[in-house]
Amino acid sequence: MAAQLSTVAREAVDHFCPVPHSPGAVSVVRGRVRAVLAEWGLSPDVTMDALVVVSELLTNALVHALPPATLRLSWVRVDERRAVRVEVTDAGLALPARQWAVPDEHGRGIAIVTALSARHGIRAHTGGITYWADLLAA
């Protein structure tokens, strides 16, 4: 019974983190995410995948969007399985898409997020845009 309560309590927890609009923000937030996911008991493999997804989504927010940005980690269900949701919300594009969609060494982030997540998406709302990805916990 105690183990069941512990799992339920863990699934109810969300973690929010404001993201400073600065070059070193991604590594600082990654460290914080690593600590949270370890506390939540996520496996090292899923933690590493989540850290890559966090890096990709945060980098996109810092390079292409207006501040402020926030990161949210939460538990969700994907086909009856537990998953960690990574969400990055920003205030929207800083430049029109046609100005930053120049082919170069960048632009592989969404392919990486797609490969590592069970599902992912984008939600536009009055506060900006939220990019999210769900990573299966086991």
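The values are calculated or read from the model by the stated rules, or taken from the named source; none is laboratory data. It should be emphasised that the depicted structure is a prediction, and the values quoted were computed from it without experimental measurement. So basically every Cβ, Gly included, is an ideal-geometry build from the backbone, and we count neighbours across all protein chains shown. What goes into the accessible areas is simple: the full protein's heavy atoms, side chains included, and nothing from ligands, DNA or RNA. Shrake-Rupley method; radii C 1.70, N 1.55, O 1.52, S 1.80 Å.
Within region 68-91, whose backbone N sits under 20 Å from a point 7 Å along Cα→Cβ of THR126?
It comes to 68-70, 89-91, nothing else.
Round to a whole number: what % of the accessible area of region 30-96 belongs to carbon and sulfur, probe 1.4 Å?
54
How do SER22, SER27 rank by accessible surface area computed with a 1.4 Å probe, from largest to smallest?
Result of the area sort, largest leading: SER27, SER22.
What is the distance in Å between the Cα centroid of region 73-91 and that of region 23-63?
Value for the Cα centre distance between the two parts: 13 Å.
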